[in-house]
Amino acid sequence: MESNAYQDLTPAEGLSGKQLRHLVWRSLLLQASFNYERMQAAGWLYSILPGLRHIHKNKKDLSTSMKEHMEFFNTHPFLVTFIMGVILAMEQNKEDRNAIRGIKIAMMGPLGGIGDALFYLTLLPITAGIGASLAIEGNIFGPIVFLILFNIIHFGVRFGLMGYGYRMGIKAVAKLKEGTKLVSRAASIVGLTVVGGLIATYVAFNVGYVWKSGEAELAIQTDVLDQIMPGLLPLAYTLLMYWLLKKGRSPITLIVLTVVVGLVGAYFGIL
Amino acid sequence: MLVEALLIALWAGIVGIDLFNGLTHIHRPVVTGLVVGLILGDVTTGLIIGGTLELIWMGMVPLAGAQPPNVVIGGVIGTAFGIIIGQEPTVAVGVAIPFAVAVQGLITLFFTLFSPVMHKADQYALDANYKGIERINYLGLVILFVFYALIAFLPIFLGAEQAATYVESVPQWILDGLSVAGGIMPAIGFAMLLKIMMKTEYIMFFIIGFVLAAYLNLPILAIALIGLAIALYDFYTNKKGSNQGPREEEITDGI
C-alpha cells in the first residue's frame with residue numbers, strides 16, 4: 001500500500017505576511033489554464049506553488065505534493081484564498097496527505113456556492129446596477145463608480161481571507177495533531193457527502209424530448225425520469241464516467257464522448 | 001478603421017483575460033462601453049450602449065460552470081457596431097447576442113481542447129518542475145488574449161454584415177450541442193474525484209449527499225454542514241473508542 005505521509009515530517013518554517021500576499025496576487029490567475037478535465041487544478045497549483053516550494057525542501061515531497069494538487073479542483077475564484085491559507089497551514093505541518101485532500105475538497109464545493117451567491121448574485125448586480133444607471137444617462141462616472149465599489153470588496157475579500165484561512169489552519173492543525181487517521185476519515189466523509197450533492201446540483205443533463213400521441217403528451221424528463229428519481233441522469237452519467245475511468249479510459253476519451261453525446265442529442269432534439 | 005479595430009482588439013484581448021483571470025470586472029459592458037466609446041470618439045453613445053448591455057447581461061453570470069453568452073464579445077462588438085452603424089442600443093444588442101453565443105461555443109471547445117495539456121502538467125508536477133507549471137498557465141492566458149483579440153478585430157475590420165453571415169452559417173444544433181455538452185461536463189470532474197476518494201465504507205455518505213441535493217434541493221453549504229455533523233459524530237465516537245474510557249477524554253478536553 002502507498003504511504004500517505006511525507007518523507008520529511010518536520011514542520012516547515014511559517015510563511016510571512018509578504019509571502020502570503022504574493023500568493024494572493026498569484027491567485028488572480030486561478031483560471032488561466034481552465035479546462036473541463038481538471039478545471040482550475042493547474043491554476044490552483046500555480047497559485048500556491050511558491051508556498052509549496054518554501055515548505056517542501058525535500059524534492060520527493062515537493063513532487064508528491066505538486067502531483068496531488070494537480071487533481072481536479074474547482075471553487076469560487078474570490079474565495080479560493082481561504083482554501084489556500086488552510087491548505088498551506090496543513091502542508092506546513094506535514095499533515096497526512098489524505099487529510100489535506102479531504103479538507104480541500106470539502107471546502108471547495110460550499111465556497112463555490114457561497115461565492116456565487118455573494119458575488120455574482122448580490123455584489124455584481126448591485127454595483128453594476130448603480131454603474132449602468134449612471135452610464136445610461138451618459139455619465140462617465142458610471143463605469144468608474146462600478147469598478148471602485150466592486151474591487152474594494154473583491155480585493156478586501158481576497159486578502160482578508162488568505163490571512164484568516166492561514167491562521168485558522170495553523171490553529172486547527174495544532175488541535176487536531178492526534179489521530180490524523182481519524183481526521184482524514186472525517187474529511188473523506190464530508191468530501192464524499194459534498195461530491196454526492198455536487199453531482200445532483202451541477203451536472204446539467206436533461207431530456208427535452210416530449211412524446212406525443214394524439215392528445216396525450218409525455219415529457220420524458222418531468223413525467224418519467226424525475227418520477228423515478230430526480231437527478232437520475234446526472235448520477236447515472238457520473239457513475240458511467242467513474243466506471244470508465246476505473247476501466248482505465250483516459251479523461252480525454254470521456255470528454256470527447258460527452259461532446260458527441262451533446263451534439264447527437266442536440267441534432268436529434270433529444271437533449 | 002484599421003487603428004480603431006486594432007485598439008478595440010487589444011482591449012478585447014485584455015478584458016477576455018479578465019473574464020476568468022484577475023476578475024477586476026473591467027470586462028463588464030458598462031466599462032467596455034466607455035473604452036470602446038473613447039476609441040471610436042463617441043463617449044456618450046458608448047456609455048449609453050454599454051449601460052444598456054450591462055443591464056441585459058446582469059442576470060447572465062457564470063454560475064457553477066454554466067456559461068452564458070460571452071459577455072466580453074457581446075459588450076465589445078455590441079458597443080462598436082452600435083457606434084459605427086449609428087443604431088439604437090436595442091439594435092446593438094440584436095447584433096451582439098448571436099456573436100456572444102457563438103463565441104461561448106468556441107470557448108467550450110477551447111476548454112475541451114486544453115484538457116490534454118493537463119497530462120503535460122502532471123509530468124511537470126511529478127518532476128517538481130515549477131517553471132513548467134507556470135508556463136502552462138501563461139500559455140492559457142496567451143491563447144485567451146489572441147482568441148478574443150482576433151474575434152473582436154475581424155468583424156469590426158471586415159464590417160458588420162459580412163461577419164453576421166459567417167455566424168449565421170454555423171448550424172444551430174452545433175451551438176446547442178456544445179452548450180449541452182458543457183452542462184454535462186462537470187460529471188467527468190466529479191467521477192475523477194470519486195475515483196480518488198471512494199471506498200466501500202464511504203458509499204453511504206455519497207448517497208446521503210446525493211439525496212439531500214436531488215430530492216430536498218438543499219444548497220451545497222447545507223449538505224456540507226450535514227456531512228460535517230456526521231463526520232464530527234464519527235470522529236468523536238471513534239476517538240472515544242480508541243482512548244478507552246470517558247475519563248481520560250474529560251481530562252484532555254479540560255486542558
Completion exercise
Those residues of segment A:133-153 which are farther than 16 Å from residue B:52 by Cα and among the aromatic types (Phe, Trp, Tyr) amount to A:150
Fill in the blank from the handout: Of A:117, A:132, A:106, the only residue that is within 9 Å of chain B (Cβ to nearest Cβ), in contact with an Asp or Glu (Cβ under 7 Å, 6 or more places away or on another chain) and hydrophobic (A, V, I, L, M, F, W, C) is A:132
Practice task
Only residues that are closer than 16 Å to residue A:130 by Cβ and not in a helix (DSSP H, G or I): list them for segment B:27-53, please.
Solution key: B:28
Fill in the blank from the handout: Expected single match for modelled with pLDDT of 90 or more and out of contact with any Cys (no Cβ under 9 Å at 6 or more places or on another chain) among A:149, A:182, A:176 is A:149
Practice task
Return the pairs, sorted by first residue and then second, in which the second residue is assigned to a loop (DSSP other than H, G, I, E, B), the first residue lies in segment A:208-226 and is hydroxyl-bearing (Ser, Thr, Tyr), the beta carbons are less than 9 Å apart, and the residues are 6+ apart or on different chains.
Solution key: A:209/A:268; A:209/A:269; A:209/A:270; A:209/A:271
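Limited to segment A:237-250, what total is found for residues that are of a type in the set (D, E, K, R) and either surrounded by 14 or more Cβ atoms within 10 Å (Cβ to Cβ) or more than 7 Å from chain B (Cβ to nearest Cβ) (or both)? Write out each step before concluding.
To start, the set of residues in segment A:237-250 that are of a type in the set (D, E, K, R) comprises A:246-247, A:249.
Okay, now just the ones that are also either surrounded by 14 or more Cβ atoms within 10 Å (Cβ to Cβ) or more than 7 Å from chain B (Cβ to nearest Cβ) (or both), so A:247, A:249.
The qualifying residues number 2.
State yes or no: is residue A:73 of a type in the set (Phe, Trp, Tyr), over 26 Å from residue A:251 (Cα atoms) and more than 7 Å from chain B (Cβ to nearest Cβ)? If you could, list the steps in order and put the result at the bottom.
On the way: of a type in the set (Phe, Trp, Tyr): yes; over 26 Å from residue A:251 (Cα atoms): no; more than 7 Å from chain B (Cβ to nearest Cβ): yes.
Against the criterion (of a type in the set (Phe, Trp, Tyr), over 26 Å from residue A:251 (Cα atoms) and more than 7 Å from chain B (Cβ to nearest Cβ)), residue A:73 does not qualify.
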Fill in the blank from the handout: Residue set A:195, A:157; condition touching a Phe, Trp or Tyr at 6+ places or on another chain (Cβ under 8 Å), within 18 Å of residue A:44 (Cβ to Cβ) and within 7 Å of chain B (Cβ to nearest Cβ); output residue A:195
Exercise for the section: Test each condition in (1) open to solvent by 60 Å² or more (accessible area, probe 1.4 Å); (2) facing another protein chain (nearest Cβ under 10 Å); (3) of a type outside the set (Val, Ile, Thr) for residue B:106 and report the one that comes out false. Expected result: (2)
Practice task
Answer with yes or no whether residue A:218 is of a type outside the set (Ser, Thr, Tyr) and not in a helix (DSSP H, G or I).
Solution key: yes
Practice task
Test residue A:222 against the criterion of being of a type in the set (Ser, Thr, Tyr) and under 15 Å from residue B:181 (Cβ atoms), and give yes or no.
Solution key: no
Practice task
Answer yes or no: is there a residue in segment A:251-269 that is open to solvent by less than 20 Å² (accessible area, probe 1.4 Å), of a type in the set (S, T, N, Q) and assigned by TED's automatic domain parsing to the domain that holds residue A:107.
Solution key: no
Completion exercise
If you go through A:156, A:85, A:113, A:163, the only one that is more than 19 Å from residue B:49 (Cα to Cα) and touching a Pro at 6+ places or on another chain (Cβ under 8 Å) is A:113
Practice task
Just name the residue that is most open to solvent (accessible area, probe 1.4 Å) out of those in segment B:195-222 that are at pLDDT below 90, within 8 Å of chain A (Cβ to nearest Cβ) and part of a helix (DSSP H, G or I).
Solution key: B:195
Exercise for the section: Considering each residue of segment A:35-55, count those that are surrounded by fewer than 23 Cβ atoms within 10 Å (Cβ to Cβ) and not aliphatic (A, V, I, L, M), and give that number. Expected result: 3
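Could you tell me whether segment B:158-175 includes any residue that is in a helix (DSSP H, G or I), over 24 Å from the mean Cα position of the chain (by Cα) and within 8 Å of chain A (Cβ to nearest Cβ)? Reasoning before the result, please.
Filtering segment B:158-175 for residues in a helix (DSSP H, G or I) gives B:158, B:160-169, B:172-175.
Now drop any that are not over 24 Å from the mean Cα position of the chain (by Cα), which leaves B:158, B:160-166, B:168-169.
The next check asks that each one be within 8 Å of chain A (Cβ to nearest Cβ); those that pass are none.
No, that holds for no residue.
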Handout entry: Verdict on residue A:88 being open to solvent by less than 10 Å² (accessible area, probe 1.4 Å) and more than 16 Å from residue B:122 (Cβ to Cβ)
Key = yes
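Go through segment B:54-152 and tell me which helices (runs of 4 or more DSSP H), entirely inside it, have 1 or more residues that are touching a residue at least 24 places away in the same chain (Cβ under 8 Å) and assigned by TED's automatic domain parsing to the domain that holds residue B:173.
Working: elements: B:71-85, B:89-113, B:117-126.
Once the helices (runs of 4 or more DSSP H) in segment B:54-152 are filtered for at least 1 residues that are touching a residue at least 24 places away in the same chain (Cβ under 8 Å) and assigned by TED's automatic domain parsing to the domain that holds residue B:173, what remains is B:71-85, B:89-113.
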Exercise for the section: Answer yes or no: is there a residue in segment A:62-83 that is assigned to a loop (DSSP other than H, G, I, E, B), of a type in the set (Asp, Glu) and within 26 Å of residue B:227 (Cβ to Cβ). Expected result: yes
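Out of the residues in segment B:1-22 that are of a type in the set (Val, Ile, Thr), touching a residue at least 40 places away in the same chain (Cβ under 8 Å) and open to solvent by 20 Å² or more (accessible area, probe 1.4 Å), which is nearest to residue B:110 (Cα to Cα)? Don't jump to the end; show me each part of the working.
First, pick out the residues of segment B:1-22 that are of a type in the set (Val, Ile, Thr): B:3, B:8, B:14-15, B:17.
From the residues that got through so far, the ones that are touching a residue at least 40 places away in the same chain (Cβ under 8 Å) too are B:8, B:14-15, B:17.
Within this subset, residues satisfying the condition of being open to solvent by 20 Å² or more (accessible area, probe 1.4 Å) are B:14, B:17.
Values: B:14: 18, B:17: 14 Å.
Step by step, filter segment B:1-22, then rank; the result is B:17.
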Exercise for the section: Just need a number here: residues in segment A:111-157 that are open to solvent by less than 20 Å² (accessible area, probe 1.4 Å), more than 18 Å from residue B:47 (Cα to Cα) and in contact with a Ser or Thr (Cβ under 8 Å, 6 or more places away or on another chain). Expected result: 4
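The values are calculated or read from the model by the stated rules, or taken from the named source; none is laboratory data. In this text, all values refer to a predicted model and were calculated from it rather than measured experimentally. Positions of Cβ are generated from backbone atoms using ideal geometry, with glycine treated the same way; all protein chains shown enter the neighbour counts. With ligands, DNA and RNA removed, areas are computed over all heavy atoms of the protein, side chains included. Shrake-Rupley method; radii C 1.70, N 1.55, O 1.52, S 1.80 Å.
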